[in-house]
Amino acid sequence: MNSPSAHKIIAIDGPAASGKSSVARELARRLGFVYVNSGAMYRAITWLVLDRGIPADDAAAIEQLAESVAIACELRDRDSFVRIDGVDPEPFLREDRVNDNVSLVSSVPRVREILVDHLRRYAVTNDLVMEGRDIGSVVFPETPFKFYIDASPEIRLRRRAAQGQRDRVTARDEADSSRRASPLIIAEDAHVIDSSNLTIDGVVGEIIGRLKLKGLTIAR
Ligand code: DC
């Protein structure tokens, strides 16, 4: 399914803890669009891999699991949720072991193909704000609304620590940027925002200004 969507898609990419989740959620709320956190899908499959006792470097077993498991995407109140193998994985998505292994699991090309297919389906019936690593470059390359949110490594580490999480963000960035299959890159036509010294509202305001310039009608 690669045809351009009739719905509006705002792609927000960036490294770990750059602030993109908070920004994407608030932007979706302001626009009345559906919010999709694609990282949650990669985290969900990583949790299942670990829960089944599959080593995170066993690409063949991971591929087999991804092909056989039931993945259901649901919308509630303009927010997206995933069920995997009939389970709501939300309570487990930010476990240390998931943080530690998600980059490896998400480097398996077949995992990416399967999840990208699910992610694209959201756009069949909804206007979206979707955040991730490859949304503007691979999932919806045709959208004119692409943003890349960055922040200094120090600020990003501080943000994760403030959330009480042990997350080696720079190691994840290195792995996510250097993998073969759809690495984290700045899409050519993305507007880059450094959020290091900006509030969430500041970043959302900059995005909305840019969207208006690009001709997106914003009702509220
Ligand atoms: O956004 P996040 O930090 O929750 O994402 C967790 C991991 O999932 C990230 O380190 C790499 C992977 N990911 C990806 O490969 N592609 C995406 N579009 C989103 C996340």
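Relative protection proxy for 195-205, 51-61, 94-104, from highest mean packing down: 94-104, 195-205, 51-61 (other beta-carbon atoms within 10 angstrom).
Our note on the geometry: Cα centres of segment 195-220 and segment 2-61, 21 Å apart. Spacing of the modelled spin labels on ASP96 and ALA161, each 7 Å from Cα toward Cβ, amounts to 1.6 nm.
Principal-axis analysis of the Cα atoms of the chain puts helix 20-31 at an angle of about 50° to the longest axis. First compute the accessible area of the chain with a 1.4 Å probe, then give the percent of it belonging to carbon and sulfur atoms. That fraction is 49 percent.
For ILE208 and ASP88, the FRET efficiency from 1/(1 + (r/R0)^6), where r spans their Cβ atoms and R0 equals 30 Å, is about 0.40. Note on ALA59 and ARG168: their simple-model spin labels are 2.1 nm apart, each label 7 Å out from Cα toward Cβ. The stretch between ARG76 and ILE200 holds 42.3 nm of extra length on full extension. This uses 0.36 nm per residue minus the Cα-Cα distance. Axis angle, to the nearest 10 degrees, between helix 200-213 and the longest C-alpha principal axis of the chain: 60 degrees. The amide H of SER80, built 1.01 Å from its N in the peptide plane, has TYR35, ASN37 as neighbours under 5 Å, considering only residues 5 or more places off or on other chains.
Scanning residues 5 or more positions from GLY132 or on other chains, those with amide H under 5 Å from its amide H are ILE12, ASP13, GLY14, with H placed 1.01 Å from N in the peptide plane. Per-peptide packing, taken as the mean over residues of other Cβ atoms within 10 Å, places 23-31, 170-178 in the sequence 23-31, 170-178 from highest down. Quick one: net charge around ARG83, please, counting Lys, Arg +1 and Asp, Glu -1 for every other residue with C-beta under 11 Å from its C-beta. So the environment of ARG83 carries a net charge of -4. The label point for SER177 and the one for THR217, both projected 7 Å from the Cα toward the Cβ, are 4.1 nm apart.
The slack in the chain from VAL69 to THR125, taken as 0.36 nm per residue of separation less the alpha-carbon distance, amounts to 17.7 nm.
Dividing the convex hull volume of the alpha-carbon atoms in segment 1-149 by its residue count gives 105 Å³ per residue.
In the full protein context, the chain carries 47 Å² of accessible surface per residue, based on a 1.4 Å probe and ignoring ligands, DNA and RNA.
The values are calculated or read from the model by the stated rules, or taken from the named source; none is laboratory data. Just so we're clear, the structure is a prediction, and the values are computed from it rather than from any experiment. Glycine also receives a Cβ, built like all others from the backbone with ideal geometry; neighbour counts cover every protein chain displayed. Just so you know, the surface numbers come from the protein's heavy atoms only, side chains and all, with ligands and any DNA or RNA stripped out. Shrake-Rupley method; radii C 1.70, N 1.55, O 1.52, S 1.80 Å.
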